[in-house]
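These notes are about the structure you will find just below.
Readers should treat all values here as calculations from the given coordinates under stated rules, not as data from a laboratory. Quick caveat, the model's predicted, so the values are computed rather than measured. For neighbour counting, all protein chains shown are included, and Cβ atoms are generated from backbone atoms with ideal geometry for every residue, glycine included.
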Amino acid sequence: MGQRILGLDIGITSVGWAVINYDKEDALQNKIIKSDLIKKTGA
């Protein structure tokens, strides 16, 4: 049985995130479900 993990990458002008399906018993089931990048523009 897998679990879902939220990964965050917080930068100075952007935030990246991904939801990952992680199964430590079956590595073939590991995959990125959804990801996105939010970029801040301006001062």
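Tabulated data for the structure shown
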item	result
Within the chain, considering residues that are charged (D, E, K, R) and outside any strand (DSSP E or B), the one surrounded by the fewest Cβ atoms within 10 Å (Cβ to Cβ)	E25
Criterion: over 10 Å from the mean Cα position of the chain (by Cα) and among the aliphatic types (A, V, I, L, M) - qualifying residue of I5, I32, I20, I38	I38
Selection count where residues are of a type in the set (A, V, I, L, M) and within 11 Å of the chain's Cα centre (by Cα), scope region 8-17	2
Within region 8-43, tally of residues that are of a type in the set (F, W, Y) and touching an Asp or Glu at 6+ places or on another chain (Cβ under 9 Å)	1
Scope the chain; condition in contact (Cβ under 8 Å) with a residue 24 or more places away in the chain and touching a helix residue (DSSP H, G or I) at 6+ places or on another chain (Cβ under 8 Å); matching residues	G2
